[in-house]
Structures are given as C-alpha cells and as structure tokens.
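Student: The structure's right below; bear with me while I get my questions together.
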Amino acid sequence: MTRITLVQGDITRQSVDAIVNAANSSLLGGGGVDGAIHRRGGPAVLADCRKLRASRFGKGLPTGQAVATTAGDLDARWVIHTVGPVYSTSEDRSGLLASCYRESLKRADELGARTVAFPAVSTGIYGWPMDDGARIAVTTVREADTAVEEVRFVLFDERAHEAFARQLP
Ligand code: ADP
C-alpha cells in the first residue's frame, strides 16, 4: 500500500528518492516548480535534460509523459520530469493530467524509488483549478499499481494544501 502524505512547502527542500518536476515540453526550464528545480538542482539537471533533447526527445517531452534525470544538488536521487496539460474549458484533458501521475510512478518503479514528492501538476501557470487538480492527483495515485511506499504531495500554499486535504479521509 502506498502512503499518501501532504506537506505545505517548497518541493525543492524535500529529502526523497525522487522529486517530480512540473516541466514544460522543452525540458529546458521555465517558471514555477520547473524554475525552482533547475535553480536548486544546478547545471547537472539541465545537462541531462539537454541530452534527452538531443536523443530520445528531439521534439520535446509530450504532454502526459515522464522521464527521469539526475537530481543534481537536490536532496534526492532523481528528478522525474512530467509535462502537465494546459487547462482548457473546451476540451477535457483530465486523462492527460492523470497520465502525468501514473507515468511518473512508472519511472519511479523502474528506478526503484520508494519515496516520491509531487507538486500539484498543471495548477500553476497551466491554469488547472486546484480542487479538480487535487482530485485527479489523489485518485490517480490511489488507483496506481506501484511499489512506491510514500507519495508526498508538496503544496506551495495553504489553499492548495487544503484542497488536497479535502481529498483524503
Ligand atoms: P504548471 O505549469 O504545471 O501549472 P507550475 O510550476 O506553474 O506548473 O505550478 C504547479 C503548482 O506548483 C502550483 O500550484 C504552484 O503554486 C506550485 N509551486 C510553485 N513553485 C513551487 C515550489 N517551489 N514547490 C512546490 N510547489 C510549487
């Protein structure tokens, strides 16, 4: 059974096996969680991302997929980069958002990661409503078939923390 825990804070300050990055498809950095991870992870993370762009992901990482790199100077062994969907009112993209959590846990299992920290993917710059983002995140992790022992959702502010807390018993 995977334990789900909630923490309010900065995901780059977590000590876990793997930290999930709410990346963009370029894999070359951006704002929000992505910017913070590259700042604190240092050049080794970016160097790995550039290698991925030069090899398997020449056109970038597709939405809903996940790929691992070194964690550089972060207190983790790996960063798992996943690209959330941009929220849309005209199209239901929740399958893609669920896929981010599922694919990230698959990469974690392949690596043997036992503790994984997730941000609330897509709920920042990509505009996903927090309550719905929290619902998809918690439901997908609960239903996942994974050997990960702890999934830690790291929520930046109180509003996000409360939204995730409402999804747990
Ligand atoms: P996206 O582009 O997928 O929306 P963002 O990084 O903009 O990704 O935001 C995702 C969520 O992470 C938002 O709820 C945002 O408030 C939060 N966030 C931003 N920085 C951090 C951080 N350092 N640690 C944890 N959560 C963060």
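Student: Looking at region 124-146, is at least one residue within 21 Å of T69 (Cβ to Cβ) and more than 15 Å from the ligand (Cβ to nearest atom)?
Tutor: Among the residues of region 124-146, at least one is within 21 Å of T69 (Cβ to Cβ) and more than 15 Å from the ligand (Cβ to nearest atom), which makes the answer yes.
Student: Could you tell me whether any residue of region 58-81 is more than 16 Å from the ligand (Cβ to nearest atom), closer than 22 Å to A147 by Cα and either touching a Ser or Thr at 6+ places or on another chain (Cβ under 6 Å) or open to solvent by less than 30 Å² (accessible area, probe 1.4 Å) (or both)? Let's see the steps before the verdict.
Tutor: Kept after step one, since they are more than 16 Å from the ligand (Cβ to nearest atom), are these residues of region 58-81: 58-59, 68-70, 77-78.
Pick out the ones that are also closer than 22 Å to A147 by Cα and you get 68-70, 77-78.
Filter once more, so that each one left must be either touching a Ser or Thr at 6+ places or on another chain (Cβ under 6 Å) or open to solvent by less than 30 Å² (accessible area, probe 1.4 Å) (or both): 69.
Looking for residues that are more than 16 Å from the ligand (Cβ to nearest atom), closer than 22 Å to A147 by Cα and either touching a Ser or Thr at 6+ places or on another chain (Cβ under 6 Å) or open to solvent by less than 30 Å² (accessible area, probe 1.4 Å) (or both), one finds at least one in region 58-81, hence yes.
Student: Is it true that G35 is in a loop (DSSP other than H, G, I, E, B), more than 20 Å from G112 (Cα to Cα) and within 12 Å of the ligand (Cβ to nearest atom)?
Tutor: Values: in a loop (DSSP other than H, G, I, E, B): no; more than 20 Å from G112 (Cα to Cα): yes; within 12 Å of the ligand (Cβ to nearest atom): yes.
Against the criterion (in a loop (DSSP other than H, G, I, E, B), more than 20 Å from G112 (Cα to Cα) and within 12 Å of the ligand (Cβ to nearest atom)), G35 does not qualify.
Student: Another question, then. Which residues, counting only those in region 1-28, are among the aliphatic types (A, V, I, L, M), over 15 Å from Y101 (Cα atoms) and crowded, with 16+ Cβ neighbours inside 10 Å?
Tutor: L6, I11, V16, L27
Student: Just name the residue that is farthest from the chain's Cα centre (by Cα) out of those in region 112-123 that are near the ligand (Cβ under 9 Å from one of its atoms) and among the polar types (S, T, N, Q). Break it down stepwise before answering.
Tutor: Quick first cut of region 112-123, residues near the ligand (Cβ under 9 Å from one of its atoms) only: 117, 119-123.
Keeping just the survivors that are among the polar types (S, T, N, Q) gives 122-123.
Values: S122: 9, T123: 11 Å.
Out of the qualifying residues, it is T123.
Student: If you don't mind, another one. So which residues in region 127-152 are more than 23 Å from Q14 (Cα to Cα) and in a loop (DSSP other than H, G, I, E, B), if there are any at all?
Tutor: G127, W128, P129, D145
Student: Being over 23 Å from A36 (Cβ atoms) and not in a helix (DSSP H, G or I): is that true of D109 here?
Tutor: When the stated conditions are applied, D109 does not pass them.
Student: Go through (1) of a type in the set (V, I, T); (2) within 13 Å of the ligand (Cβ to nearest atom); (3) in a helix (DSSP H, G or I) for V45 and report which single condition fails.
Tutor: The failed condition is (2).
Student: Free of Cβ contacts under 8 Å to residues at least 60 places away in the same chain and open to solvent by 50 Å² or more (accessible area, probe 1.4 Å), is that true of E158? If you could, list the steps in order and put the result at the bottom.
Tutor: Working: free of Cβ contacts under 8 Å to residues at least 60 places away in the same chain: no; open to solvent by 50 Å² or more (accessible area, probe 1.4 Å): yes.
It is false that E158 is free of Cβ contacts under 8 Å to residues at least 60 places away in the same chain and open to solvent by 50 Å² or more (accessible area, probe 1.4 Å).
Student: Further, regarding this structure: Are any residues in region 48-90 in a strand (DSSP E or B) and without any contact (Cβ under 8 Å) to a residue 40 or more places away in the chain, and if so, which ones? Before you say what the answer is, go through the steps one by one.
Tutor: Of the residues in region 48-90, the ones in a strand (DSSP E or B) are 66-70, 78-83.
Across region 48-90, the qualifying residues are T69, T70.
Student: A further question follows. Kindly list the number of the only condition in (1) open to solvent by less than 40 Å² (accessible area, probe 1.4 Å); (2) touching a residue at least 60 places away in the same chain (Cβ under 8 Å) that fails for R114.
Tutor: Of the numbered conditions (1) open to solvent by less than 40 Å² (accessible area, probe 1.4 Å); (2) touching a residue at least 60 places away in the same chain (Cβ under 8 Å), the odd one out for R114 is (1).
Student: Of the residues D109, D92, only one is over 13 Å from the mean Cα position of the chain (by Cα), closer than 13 Å to V151 by Cα and either modelled with pLDDT of 95 or more or open to solvent by less than 50 Å² (accessible area, probe 1.4 Å) (or both); which? Talk me through it step by step, then tell me what you get.
Tutor: Working: D92 fails: closer than 13 Å to V151 by Cα.
The unique qualifying residue is D109.
Student: Which of the residues belonging to region 10-27 are touching a Gly at 6+ places or on another chain (Cβ under 9 Å), more than 9 Å from the ligand (Cβ to nearest atom) and either assigned to a helix (DSSP H, G or I) or within 11 Å of H81 (Cα to Cα) (or both)?
Tutor: I19, S25, S26, L27 - these are the residues of region 10-27 that are touching a Gly at 6+ places or on another chain (Cβ under 9 Å), more than 9 Å from the ligand (Cβ to nearest atom) and either assigned to a helix (DSSP H, G or I) or within 11 Å of H81 (Cα to Cα) (or both).
The values are calculated or read from the model by the stated rules, or taken from the named source; none is laboratory data. Quick caveat: nothing in here was measured; it's all calculated off a predicted structure. Neighbour counts run over all protein chains shown; Cβ positions are idealised from the backbone, glycine included. SASA here: full protein model, heavy atoms, side chains in, ligands and nucleic acids out. Shrake-Rupley method; radii C 1.70, N 1.55, O 1.52, S 1.80 Å.
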